[in-house]
Amino acid sequence: MKRKLLPVFLSFALLANGSMTAFAADSSVDTVTESDAQTTVSEDQGNPEETTQEEVSEDEAVPADESDAITDFETAYKAYTFGANVSGPDAISADKNTVAVLDVRSSANYDISHLEGSFSTPVFNEDGSIIQTSEDATAKAFTETVTNNANFQNKELYLLCNSGARGARAAAVLLQRAGYDTSRIHTITGGATGLEVRYAFLGTSNAVTGAEAVAAVDSSDVVIIDVRTTENFAKEHLKNSISLPVFYLNEEGKQVVAETNQDPYAITFAKYVQDNPSTFSGKKVYVLCNSGQRGARAATALLADNGVNKNTIYTITGGAGDKTVQSAFVTVDGYKFVSGTDAIAAAKDGSAYIIDVRSSNAQTKTGTLKGSISQSLFDDNNKLDTAEAEALEKAFMEEIPSKITEDKPIYIICNSGARGAQKATLLLGKLGYNTSTKEDGKVYTIENGAKGLELLYAMSGTDGNAVDGKTAVAAVGKDDVAILDVRATGNYGAGHLKGSISTPVFNADGVAKTTDDQLSKDFTKYVTDNKATLEKKDLYLLCNSGASGARAATALLKAAGYDLAKVHTITGGAKNEDVKAASIYVSDTHVINKMSDTKNYLILDVRSTESYTKGHLKGSLSLPLFDKDNKLPDDLAKAFTEYVAAHKADFEGKTIYVLCNSGARGAAKATQLLKEAGITNIKVFTIENGAKSEVIQKHFVTDPVADPDTKKDNNGKDNNKNQNNGKTTTAATTKTGDTAPIAALAVAMLAALGAIIAFGKKKIVK
């Protein structure tokens, strides 16, 4: 009996090993982003449902332990590789002769709205729950529908679920079990949360010409929504239009559009529509994007999903590219503006009058600009239309003439550079001051008002508490100090102080300029969510040079209620020599993004041979300093140094990333030994948190390990090198143990697994 069962046990073991390997290699699970992951997160919008307002709620949030949720499907899903995902636009435009779209949402959601020509094949029950096993009634109905169905045979199958997650997984497994070729099964990315898909659901094609839009700029029956980037809106826009961007600049400075209703910009857009129903009620909504395509579709979907009648939403044909629209663009809507920086300078030299019309509460909270005149127009609830505000307006008209003359320009500070400044300008005009927008006009609005970070910083009254680089480096690891690195995530990832926190106020477009910038919102959310911990510490701010970034972060901390006496700028920022010398830590995502560039980068794994064999980064070089007991013996250090000295050409000229168990002992010793081995002109960095990093672990592979010292040709050259994407990478293990049996076993297991899968597919696939 035991002899009969042994092959069975071995088969199960091999299958388990293969399943884990397949899941680890699944591109849908471990996607490498092009830029470093940002430590701070976007605004928490209440974790909205993945379904839209009018849909039946079907929570697709992936549980911490997915195996508990879909016990019958998870193992099977992980064991097979399905076809590549497809985008919403590609699914919408697909040739229905060669593609079948299977909508796996509940039948109730399908009945509300769906893609034209798609098939309703639910794996969600009507109560919103997902099938748990293949024996569930909904699962059986699905299998019956797809079995021998002529509509699906010999076609690519595109699966549409609520968000492109669990529903698609369950359907894919059922299709595979019904005999469908897994390479022909594809998930529509983002599912029904995708804005292109949402727009296609609506089936709208309402449009107006550029001329019609321009003619409506002063109409009380039309509201124009400009969905381009905030930067484009600031440069020029249609008069009276509202900036509600669905386009934004990514970390690389490229313009991208919100793709799903879970995108931070989409969430902000939706919240505005929900909070301002009177803005849209009873009006036609004209949407202006760059060309009248993607942005307009995304905005239309968001407007309709958040209560605006789809029949009242119109796309401006040609968008900002329309010549009539371009000719009607204005920079401002009837007001003259001055920058916050210029206003600060004017306050110092007395070259302008500066009137602060914010509420007394707002002025107390942020401070005021030295030399400015406090003359509130807002009441304590930040309103302009109350009895209290009426009294403030009367006081303004009575008191201002005694405080200012027209011998100098008048600069107005309000909350955001809009309502308050507009009202103050109107009142000054009534008092006889020249409010013309022409050159002779005397009245200016300070751009962005108190939301502008330069102005907010100046109003805080901080003297810019500073620490030098040496003090900052000495504070690394101290419990009473937190170092906030406000540089762009890419700069942080490429080298930072150990334990510092990435809280960027920079991106590829420069430093955040107002509290409304997404970077500012992300920063504020982080310091607010962690205030209980951070406010007990001294905060050291590290930016590029100790200037604009530190000021912006200081202003945001002030606005978030922090005591600025405990906020310090690191003088010189990342350019400080002491800071540069100590910034030897790189982020895990940065390393993953550089992993394939073996010409310029080398990942040096100093963990034990045993640890390396269990899992390592592809193409990394194994030079263990740790033995199997996690100690650092002298013989391994000697072997390390000897190998480096003998292979200088493999190290010199490259940036070296050292991977140890946790980013501490092993990395420090390796860095020391590299220098002692005589390697010059190199940059040696430690991967922070080492192999403890979940990001690093997700990208581990288990390819066989070779010992470069075991095989030499007659010329003494290495003859045992692994090929990696056409590039040669040496995987070295010094003489700490024989890895050949392990490598041989791995190869045998993979071969056995291949045979098992092939046999299984032959029996299952029709």
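Remarks
- Summarising the amide proton neighbourhood of Leu617: residues at separation of 5 or more, or on other chains, whose placed amide H is nearer than 5 Å comprise Val701.
- For the stretch 66-193, convex hull of alpha carbons as volume per residue, Å³: 96
- Computed lengthening from Ser327 to Ala387, 0.36 nm per intervening residue step minus Cα-Cα distance: 17.4 nm
- Where labels lie 7 Å past Cα in the beta-carbon direction, separation of Lys239 and Asp563 in nm: 5.3
- Checked against a 25 Å cut-off, the cross-linked pairs Lys423/Lys525; Lys254/Lys580; Lys239/Lys521; Lys239/Lys442 give Cα-Cα distances beyond that limit for Lys423/Lys525; Lys254/Lys580; Lys239/Lys521.
- Placing R0 at 22 angstrom, the Cβ-Cβ distance between Ser220 and Phe337 gives a FRET efficiency of 0.30 after rounding to 0.05.
- Computed lengthening from Asp479 to Gln697, 0.36 nm per intervening residue step minus Cα-Cα distance: 75.7 nm
- Sorted by Cβ neighbour density within 10 Å, fewest at the top, the residues Cys414, Cys161: Cys414, Cys161
- Label zone at Asp634, where the point sits 7 Å out along the Cα-to-Cβ direction: the stretch 663-689 residues whose backbone N lies under 17 Å: 673
- The stretch 160-184 residues near the modelled Asp127 label - backbone nitrogen below 12 Å, point 7 Å along Cα→Cβ: none
- Taking the square roots of 5 times each eigenvalue of the Cα gyration tensor of the stretch 337-459, largest first, gives ellipsoid semi-axes of 19, 18, 12 Å.
- As a proxy for reagent exposure, ranking Ser583, Ser241, Ser87, Ser93 by other Cβ atoms within 10 Å from fewest up yields Ser93, Ser87, Ser241, Ser583.
- Annotation: amide H of Ile354 within the under-5 Å range of Ile373, Tyr411, sequence separation 5 or more or interchain, hydrogens built in the peptide plane.
- Distance in nm between pseudo-label sites at Ser662 and Glu577 (7 Å out along the Cβ direction from Cα): 3.4
- Amide H within-cut-off set for Val86, under 5 Å, with H built and near neighbours excluded: Thr187, Ile188, Thr189
- Across every direction, the projection of the convex hull enclosing the Cα atoms of the stretch 201-328 has a mean area of 7.2 nm².
- Antiparallel content of DSSP bridges confined to the stretch 66-193, in %, to 5: 10
- Size descriptor, Kirkwood hydrodynamic radius, that averages inverse alpha-carbon separations across the stretch 466-564, Å: 13.5
- The phi torsions of the stretch 252-265, fed into the Karplus equation with coefficients 6.51, -1.76 and 1.60 and a -60° offset, translate into couplings of 8, x, 8, 7, 10, 10, 4, 9, 10, 6, 9, 4, x, 5 Hz, rounded to whole numbers, with Gly and Pro shown as x.
- Taking 0.36 nm per residue of separation and subtracting the Cα-Cα distance, full extension of the segment from Ser596 to Lys254 would add 120.8 nm.
- Förster radius 35 Å - calculated FRET efficiency between Thr279 and Asp90 (Cβ-Cβ, nearest 0.05): 0.50
- From phi via Karplus (6.51, -1.76, 1.60), per-residue ³J(HN,Hα) for the stretch 627-639 in Hz, x at Gly/Pro: 8, 5, 8, 6, 9, 10, x, 5, 5, 6, 4, 5, 4
- In plain terms, the residue of Phe247, Phe337, Phe201 with the fewest other Cβ atoms within 10 Å comes first and the most crowded comes last, giving Phe337, Phe201, Phe247.
- Distance (nanometres) between label positions extended 7 Å along Cα→Cβ at Glu144 and Thr405: 9.3
- Sorting 659-672, 185-198, 397-410 by average packing, meaning the other beta carbons within 10 Å per residue, from highest down gives 185-198, 659-672, 397-410.
- Near Thr312, once Lys and Arg are set to +1 and Asp and Glu to -1 for all other residues with Cβ below 10 Å from its Cβ, the sum equals +3.
- Note that the stretch 388-403 has calculated 3J(HN,Hα) couplings of 4, 5, 4, 5, 5, 5, 4, 5, 4, 5, 7, 9, 4, x, 7, 9 Hz, one per residue in order, obtained from phi through the Karplus relation 6.51 cos²θ - 1.76 cosθ + 1.60 (θ = phi - 60°); glycine and proline are x.
- log₁₀ of I(q)/I(0) at q = 0.18, 0.25 Å⁻¹ - the stretch 98-167, Debye sum with one point per alpha carbon: -0.67, -1.22
Every number in this text was worked out from the coordinates using simple rules, so none of it is lab data. Quick caveat, the model's predicted, so the values are computed rather than measured. Cβ coordinates were reconstructed from backbone atoms using ideal geometry, including for glycine residues, and neighbour counts include every protein chain displayed.
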